[in-house]
Number of protein chains: 2
Amino acid sequence: MTKHIFLAAVASLAAPLFAQDAPDGSPSPNEIVEQADAEEWVQIAPEDLLVMTLAPDAEGNVREVVIQLMPAPFSKGWVDNIRLLTRSGWYDDISVNRVQDNYVVQWGDSNYDNPEAEGEAKPLPDGLKVMEERGYSTNDLGSALAMNDFAVTPDPYAELSFFNQGWPVAAEAERTWPVHCYGMVGVGRGYSPDTGSGAELYTVIGHAPRHLDRNIALVGRVIEGIEHLSGLPRGKGALGFYEDPAKRTPILTVRVASDLPEAQQPLFEYLATEGETFARYAEARANRRDPFFIVPAGGADICNIPVPIRRTALSE
Amino acid sequence: MTKHIFLAAVASLAAPLFAQDAPDGSPSPNEIVEQADAEEWVQIAPEDLLVMTLAPDAEGNVREVVIQLMPAPFSKGWVDNIRLLTRSGWYDDISVNRVQDNYVVQWGDSNYDNPEAEGEAKPLPDGLKVMEERGYSTNDLGSALAMNDFAVTPDPYAELSFFNQGWPVAAEAERTWPVHCYGMVGVGRGYSPDTGSGAELYTVIGHAPRHLDRNIALVGRVIEGIEHLSGLPRGKGALGFYEDPAKRTPILTVRVASDLPEAQQPLFEYLATEGETFARYAEARANRRDPFFIVPAGGADICNIPVPIRRTALSE
């Protein structure tokens, strides 16, 4: 089975690792995850996966990005729009238009609201929902986290932050919302009351811009291939937009994984965030005792506890 | 005067910005900074700046990275080593060997402790200090922050975090240490008790890996040109090391800015973190009320309040 830990930013910094054997010590967060029982892993429905294929890179390498969409009750109208935009082929032949360092990569129709537009904006399909700002958060989880959700405190941005159904969320006053961690995918919008349709998307490629929480709809996260976006040249225009249209990266196709032939469907699973292993993993992220570390931090913010996600064997 | 705000991740996400005039509203954090009096800006001594020149990119563009070294009492022995390594030419003709997504870019001698080494490791200059782990933090600031330091709470990683002399730091039990925010530069090391010499350096290119605080020496931050590092292709080997030596980016030279001819010395200044403007800026980062925002967050973590830094006119 191929393991692919989401955002595997957990290894030590030691170049001398090559030359030295690690001293004995407690397991690392990754080692804890590797020991999880098979039943602690939850398969992600192919209906919840998007496969975005960029034009090959300068050396001809394939560039594929896999995005997991958020489950209900989060951002449902926008997620429905994104499936509709995907299935109508609307995302095919758009481009990555903006790369702002330590912030976001954004993709969409370069002719949409762009003074440098070279042509007509692409017409949107019928049937898109118009969402209200209230949808940036939900009260469907009730007034508190479920008994088995893993909570993280303190959080400078909310009364409470925790993991629900494998996702990082925060809550206050009976409302819960997804949070802007690295790799999360959101919906670009104009000024209020515009909430965006889903035609313009971005992903976070820097320190968590949590000030965007509750101000924009989050709809998913990149679970594979983010390096094809985060490693793109930064745009030199305002907000990181490319001034030179030739710098944009073409997006060839976007497909819902369940619409692909079965043999081509990528299969992923995430570590249940209600399980015992996730609790041990999160504790170890907050208190590193594996050999490289001297002083355990004594805490971690929710975005420094990435949910482990891996490809499963069938999809290789 | 050319303004260059460090890590300017403060603008809105709205593509429609192009087509819409912003509604009236409170000033953005950047606008607050632009209104600061001249005397709130503090010049950075050229002795504290390193200019690192990478090989030109594939299109022949110059790639220059400017690093600001930390002031006393932080990491002084390592910072001394780094000036010595620079002035002895040791960093010339080394390379960027590791790019791990959402974590770090690391540079040094690719023949150092590397099983794929193609040659002998480069001998280090005489006079390097051997530092102790206790040096990862300092008690020279006393038992608490100064009256005029700007504090940030809560912090999941420390009792207190605040800005001192323009730098993000955290404190606990009479000890204070610099923190791993985006763009901070640190010293690679092996297993304890090794503390690294400064010959192997890294910078953070993802969500703040605060679990490294007090476990590695932080020595500075990238204040210009980080996109030349953060936009590099990710390494495919363990920890993001390049498996193919041809993927490494050559570092041509590193110079202390004060050793350059005066006309070539880059000049930068930072917004005093003890001043009134910084307090207003930090408050606005925590509570965005500029036109794009609907819900102010009510807080911010210390790494989401980047210290404003800009080039001054003479250096253009």
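Could you tell me which of the residues B:ARG98, B:ARG83 is of a type in the set (Lys, Arg), under 28 Å from B:ALA170 (Cβ atoms) and more than 14 Å from chain A (Cβ to nearest Cβ)?
Numbers: B:ARG98 fails: more than 14 Å from chain A (Cβ to nearest Cβ).
None of the others qualify; the one that does is B:ARG83.
Within region A:216-236, restricting attention to residues that are over 19 Å from B:HIS207 (Cβ atoms) and at the interface with another protein chain (Cβ under 10 Å from one of its Cβ atoms), which residue is surrounded by the most Cβ atoms within 10 Å (Cβ to Cβ)?
Pass one, region A:216-236, residues over 19 Å from B:HIS207 (Cβ atoms): A:217, A:219, A:233, A:235-236.
Those left that are additionally at the interface with another protein chain (Cβ under 10 Å from one of its Cβ atoms): A:233, A:235-236.
Working: A:PRO233: 15, A:GLY235: 23, A:LYS236: 13.
That would be A:GLY235.
With the structure loaded, tell me whether B:TYR191 is under 14 Å from A:VAL295 (Cα atoms), among the hydroxyl-bearing types (Ser, Thr, Tyr) and over 19 Å from the mean Cα position of the chain (by Cα) or whether it fails that test.
On the way: under 14 Å from A:VAL295 (Cα atoms): yes; among the hydroxyl-bearing types (Ser, Thr, Tyr): yes; over 19 Å from the mean Cα position of the chain (by Cα): yes.
Answer is yes for this residue.
Could you tell me which numbered condition B:ALA19 fails, if it satisfies all but one of (1) at pLDDT 95 or above; (2) within 21 Å of B:PHE293 (Cα to Cα); (3) within 14 Å of another protein chain (Cβ to nearest Cβ)?
For B:ALA19, the failing item is (1).
Quick check on this structure: which one of A:ASN148, A:ASN139 is free of Cβ contacts under 8 Å to residues at least 60 places away in the same chain and closer than 29 Å to B:PRO156 by Cα?
On the way: A:ASN148 fails: free of Cβ contacts under 8 Å to residues at least 60 places away in the same chain.
Exactly one residue qualifies, and that residue is A:ASN139.
Can you tell me which residues in region A:229-280 are over 29 Å from A:ASN164 (Cα atoms) and among the small types (Gly, Ala, Ser)?
Within region A:229-280, A:GLY231, A:GLY235, A:GLY237, A:ALA238, A:GLY240, A:ALA246, A:ALA263 meet the criteria.
If B:ALA151 satisfies all but one of (1) modelled with pLDDT of 95 or more; (2) in contact with a Phe, Trp or Tyr (Cβ under 8 Å, 6 or more places away or on another chain); (3) outside any loop (DSSP other than H, G, I, E, B), what's the number of the condition it fails?
Result: B:ALA151 fails condition (1) only.
Go through region A:158-180 and give me each residue that's buried (at least 16 other Cβ atoms within 10 Å of the Cβ), modelled with pLDDT under 95 and part of a loop (DSSP other than H, G, I, E, B).
Passing the criteria: only A:GLN165.
Got at least one residue in region A:181-189 being at pLDDT 95 or above and closer than 24 Å to B:THR153 by Cβ? Break it down stepwise before answering.
Restricting attention to region A:181-189, the residues satisfying the condition of being at pLDDT 95 or above are A:181-189.
This time we only want the ones that are closer than 24 Å to B:THR153 by Cβ, so: A:181-182.
Checking region A:181-189: at least one residue is at pLDDT 95 or above and closer than 24 Å to B:THR153 by Cβ.
Is region B:66-88 home to any residue that is aromatic (Phe, Trp, Tyr), closer than 26 Å to B:GLY235 by Cα and in contact (Cβ under 8 Å) with a residue 12 or more places away in the chain? Steps first, answer last, please.
If we filter region B:66-88 for residues that are aromatic (Phe, Trp, Tyr), which is where we start, we get B:74, B:78.
After this cut, where a residue has to be closer than 26 Å to B:GLY235 by Cα as well, the list is none.
Scanning region B:66-88 turns up no residue that is aromatic (Phe, Trp, Tyr), closer than 26 Å to B:GLY235 by Cα and in contact (Cβ under 8 Å) with a residue 12 or more places away in the chain.
The rows are residues; the columns are (1) modelled with pLDDT of 95 or more; (2) of a type in the set (Ser, Thr, Tyr); (3) crowded, with 21+ Cβ neighbours inside 10 Å.
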residue	(1), (2), (3)
B:ALA238	no, no, no
B:LYS247	yes, no, no
B:VAL254	yes, no, yes
B:THR277	yes, yes, no
B:ARG280	yes, no, no
B:ILE302	yes, no, yes
B:ILE305	yes, no, yes
B:ALA313	no, no, no
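So A:PHE162 passes all but one of these: (1) facing chain B (nearest Cβ under 10 Å); (2) farther than 22 Å from B:SER28 by Cβ. Which condition number does it fail?
All conditions pass for A:PHE162, except number (1).
Does A:GLY127 qualify as being at positive phi, surrounded by fewer than 19 Cβ atoms within 10 Å (Cβ to Cβ) and either of a type outside the set (Ser, Thr, Tyr) or at pLDDT 95 or above (or both)?
Values: at positive phi: yes; surrounded by fewer than 19 Cβ atoms within 10 Å (Cβ to Cβ): yes; either of a type outside the set (Ser, Thr, Tyr) or at pLDDT 95 or above (or both): yes.
So A:GLY127 passes the test.
Taking A:VAL130 and the conditions (1) β-branched (Val, Ile, Thr); (2) under 24 Å from A:GLN265 (Cα atoms); (3) out of contact with any Lys or Arg (no Cβ under 9 Å at 6 or more places or on another chain), which numbered condition does it fall short on, given that it satisfies the others?
Every listed condition holds for A:VAL130 apart from (2).
Would you be able to tell me the number of residues in region B:214-242 that are in contact (Cβ under 8 Å) with a residue 60 or more places away in the chain and among the acidic types (Asp, Glu)? Full working, then the answer.
In the first step, residues of region B:214-242 are kept if they are in contact (Cβ under 8 Å) with a residue 60 or more places away in the chain; the result is B:214-226, B:228-230, B:232-235, B:239-242.
Keeping just the survivors that are among the acidic types (Asp, Glu) gives B:224.
The qualifying residues number 1.
Which members of region B:101-117 meet the condition of being closer than 30 Å to A:VAL222 by Cβ, within 10 Å of chain A (Cβ to nearest Cβ) and among the aliphatic types (A, V, I, L, M)?
Matches in region B:101-117: B:VAL104 only.
Can you pull out the residues in region A:301-310 that are within 7 Å of chain B (Cβ to nearest Cβ) and either part of a helix (DSSP H, G or I) or in contact with a His (Cβ under 7 Å, 6 or more places away or on another chain) (or both)?
If we filter region A:301-310 for residues that are within 7 Å of chain B (Cβ to nearest Cβ), which is where we start, we get A:301, A:303-304.
A:CYS303, A:ASN304, listed by residue number.
Hey, does region B:270-290 have a residue that's more than 23 Å from B:ARG87 (Cα to Cα), within 8 Å of another protein chain (Cβ to nearest Cβ), outside any loop (DSSP other than H, G, I, E, B) and not aromatic (Phe, Trp, Tyr)? Before the answer, list the steps.
Restricting attention to region B:270-290, the residues satisfying the condition of being more than 23 Å from B:ARG87 (Cα to Cα) are B:270-290.
Within this subset, residues satisfying the condition of being within 8 Å of another protein chain (Cβ to nearest Cβ) are B:285-286, B:288.
From what is left, the residues that are outside any loop (DSSP other than H, G, I, E, B) are B:285-286.
So of that shortlist, the ones also not aromatic (Phe, Trp, Tyr) come out as B:285-286.
Taking every residue of region B:270-290 in turn, at least one turns out to be more than 23 Å from B:ARG87 (Cα to Cα), within 8 Å of another protein chain (Cβ to nearest Cβ), outside any loop (DSSP other than H, G, I, E, B) and not aromatic (Phe, Trp, Tyr).
The values are calculated or read from the model by the stated rules, or taken from the named source; none is laboratory data. Only a predicted model underlies this, so the values are computations on that prediction, with no experimental measurement involved. As a convention, Cβ positions derive from the backbone with ideal geometry for all residues, glycine included, and neighbour counts pool all protein chains shown.
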